[in-house]
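Notes follow the structure.
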């Protein structure tokens, strides 16, 4: 449900994501992550992380490992709570627009993507 809201919200962005749910790999072919949304031109990821799916220790540990892989690859990430998509859509859009502009001003990370089945 949150992803449906995110897609509707992203249609109102100045630059919407180029991909949804794609696997990202670093320059050596190592898997990085599968972000909810991805801007391939600037290397920006958007993750909608719900408390329910990231609360258990193992789930939280996986989220931290994912975020560390993003950082190691030089990928900027915006994380949003599902509730923010309805409670503060303007704030979420402002953060995404700002993150896009920041990523655009930096060299694109050396990553490539592969569509999921």
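Coordinate-derived values only; no laboratory data. Remember, it's a predicted structure, so these values are computed and weren't measured experimentally. Here Cβ is always computed from backbone atoms with ideal geometry, including for glycine, and neighbour counts include all displayed protein chains.
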Members of the range 95-107 that are surrounded by fewer than 12 Cβ atoms within 10 Å (Cβ to Cβ) and assigned to a helix (DSSP H, G or I): 98
Residue that is surrounded by 12 or more Cβ atoms within 10 Å (Cβ to Cβ) and within 16 Å of residue 114 (Cβ to Cβ), where the choices are 40, 84: 40
